Structure formats: C-alpha cells, structure tokens
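Novice: Encoded as structure tokens, here's the structure I'll be asking about.
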Amino acid sequence: MEKLDLTKMYKTYYSAATKPELKNIGPVQYISVTGKGDPSGKEFGDNIQLLYAVAYALKFMCKTDGNDFTVPKLEALWDFDTKKYANISMEDTPAVVPRSEWTYRLMIRMPDFVRQKQIASAIRQAIIKKKLPQAEKVEFYKLNEGKVVDMMHIGPFDKEMETLEHMQTFIKANNLKKNGQHHEIYLSDFRKTIPEKLKTILREPVK
C-alpha cells in the first residue's frame, strides 16, 4: 500500500523562500482545536496532544480502509483582540500583545478522502481508548485563504518580528492589505529542536 505524503503532494503549501513571496492557497481541510494563552503553557501542550491523538486514530482508520497517509506538520492560526490592541503594526504585534492574550487554532491538515464522519469516530476513539475526554474539543475545520504572502523563518520564535518586518515591507510595496489570521506552519518539532534550528513558515492572507 502506497502511503500518501501531503508535504510532498502539496509542495507549494509546505514550502517557503527566505524572502517574501505571493501565493494562492485553495481550500484545505483540517482537524483543529482552539485555545487561548501562552504557547509555553500546559494547556497549549495538552491541546497538541489531543490533536495528534485524533490524527493518528484517523491515520490507522484510513489505513484499514486502504488509504494510508503520513500525519502532516502541525500548524496554527493566531489572533488577538484588535479593539483592545488597536493600530499595531504586523511586525510589532508579537512584542506588544502579551502571550496570555493570544488566541489560537491548532491544526493538522487532512487528506481530501477523510470525511467528517471518520473524524467524529476518531474523536470517540481518543476519548475512550486513549482516555482523553478533552478530545471532544477537536473539530473539523476548513480554510480557504486565497492570496497570501509567506516567508520562511529560521530561528527562535521570539525573532519572528524580523521576518514579519520583511513581509510587511513586501505587502506595502505591492499595495496589499492583511486579510485574515496570522498562520504558522511548524516544519520543525519545536518540542525537540533547538531554537536556532527551527524552521517555520509564516503566512499572511492578503487582498
């Protein structure tokens, strides 16, 4: 049985240059879980565990049906209260908005053949077999970002402002405007990789 690898199938989605680029990203389906607070906190780590428990339940369910796939990279959409923190430039946001004030949607992309009924079944498996009652928070999510600007960030998360500054300059130079939530794709496992070696795609929907 050939195993589907979404990172190889969708190379444009899972890659970025070390300078800003304009792309078009079509509709994508995910399993996801939402939360709020510091990404170094326990709740964030627990939510990652929930998401992967459901992702692997889905993988083995699909493998039994003859549709095996590699579980893709972790992703997240990030947002904050724009009324409370108004008129902040994109590159200054990480430094100005406290970590405790960030809301997030953790996501793992799913192949097109995965159906919502299977996701519901995988959630039940995680709750019963893995004894993770909070897995009920996991849900199906679909996103159609359309036009985006993205760039590869190499290094610690607290240095993202430097990369975002390059992206903001590109956005302004091309008469574009922000049009959605800040999107990150974690090509490295930040739980195991030293900060200097981290590779993260930073993506901004624009119009």
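Novice: Just the residues that are touching a residue at least 60 places away in the same chain (Cβ under 8 Å) and among the hydrophobic types (A, V, I, L, M, F, W, C), please, taken from the stretch 90-105.
Specialist: Answer for the stretch 90-105, where residues must be touching a residue at least 60 places away in the same chain (Cβ under 8 Å) and among the hydrophobic types (A, V, I, L, M, F, W, C): Met90, Ala95, Trp102.
Novice: Do we find that Thr103 is in contact with a helix residue (DSSP H, G or I) (Cβ under 9 Å, 6 or more places away or on another chain) and surrounded by 14 or more Cβ atoms within 10 Å (Cβ to Cβ) in this structure?
Specialist: In short, no.
Novice: Over 14 Å from Ala16 (Cβ atoms), among the aliphatic types (A, V, I, L, M) and surrounded by 14 or more Cβ atoms within 10 Å (Cβ to Cβ) - does that describe any residue in the stretch 191-203? Steps first, answer last, please.
Specialist: Of all residues in the stretch 191-203, those over 14 Å from Ala16 (Cβ atoms) come to 191-197.
Now drop any that are not among the aliphatic types (A, V, I, L, M), which leaves 194.
From what's left, surrounded by 14 or more Cβ atoms within 10 Å (Cβ to Cβ): none.
There is no residue in the stretch 191-203 that is over 14 Å from Ala16 (Cβ atoms), among the aliphatic types (A, V, I, L, M) and surrounded by 14 or more Cβ atoms within 10 Å (Cβ to Cβ).
Novice: Tell me which of these Phe60 doesn't satisfy, since it passes every other one: (1) hydrophobic (A, V, I, L, M, F, W, C); (2) buried (at least 20 other Cβ atoms within 10 Å of the Cβ); (3) farther than 29 Å from His166 by Cβ.
Specialist: (2)
Novice: Here's another thing I want to ask about it. Could you list all residues from the stretch 113-139 that are closer than 15 Å to Cys62 by Cβ, out of contact with any Leu (no Cβ under 8 Å at 6 or more places or on another chain) and touching a residue at least 12 places away in the same chain (Cβ under 8 Å)?
Specialist: Once the filter is applied, which keeps residues that are closer than 15 Å to Cys62 by Cβ, out of contact with any Leu (no Cβ under 8 Å at 6 or more places or on another chain) and touching a residue at least 12 places away in the same chain (Cβ under 8 Å), the stretch 113-139 yields Phe113, Gln116, Ser121, Ile123, Gln125.
Novice: Follow-up. Select from the stretch 88-115 the residues that are within 19 Å of the chain's Cα centre (by Cα) and part of a helix (DSSP H, G or I) and list them in ascending order.
Specialist: Of everything in the stretch 88-115, those that are within 19 Å of the chain's Cα centre (by Cα) and part of a helix (DSSP H, G or I) turn out to be Thr93, Pro94, Arg99, Ser100, Glu101.
Novice: How many residues are over 24 Å from Thr82 (Cα atoms) and not in a helix (DSSP H, G or I) when one looks only at the stretch 175-199? Spell out how you get there, then give the answer.
Specialist: The first filter runs over the stretch 175-199 and keeps only residues over 24 Å from Thr82 (Cα atoms), leaving 186-199.
In the following step, the residues that additionally are not in a helix (DSSP H, G or I) were identified as 186-194, 198-199.
The number of residues fulfilling the criteria is 11.
Novice: Name the one entry in Gln168, Gln134, Gln116 that is closer than 22 Å to Gly37 by Cα and of a type in the set (S, T, N, Q).
Specialist: Details: Gln168 fails: closer than 22 Å to Gly37 by Cα; Gln116 fails: closer than 22 Å to Gly37 by Cα.
The match here is Gln134.
Novice: In addition: List the pairs whose first member sits in the stretch 62-89 and is within 18 Å of Thr7 (Cα to Cα) and small (Gly, Ala, Ser), whose second member is at pLDDT 95 or above and assigned to a strand (DSSP E or B), and whose Cβ atoms are under 7 Å apart, counting only residues at least 6 apart or on separate chains?
Specialist: As it stands, the answer is Ala76/Tyr104; Ala76/Arg105; Ala76/Leu106; Ala76/Met107; Ala76/Glu184, since those pairs meet every condition given.
Novice: Does any residue of the stretch 2-21 turn out to be on the phi > 0 side of the Ramachandran plot and either surrounded by fewer than 17 Cβ atoms within 10 Å (Cβ to Cβ) or not aliphatic (A, V, I, L, M) (or both)?
Specialist: Looking for residues that are on the phi > 0 side of the Ramachandran plot and either surrounded by fewer than 17 Cβ atoms within 10 Å (Cβ to Cβ) or not aliphatic (A, V, I, L, M) (or both), one finds none in the stretch 2-21, hence no.
The values are calculated or read from the model by the stated rules, or taken from the named source; none is laboratory data. Predicted model only: the values in this text are computed from it and were never measured. With ideal geometry, Cβ positions are generated from the backbone for all residues, glycine too; neighbour counts draw on all protein chains shown.
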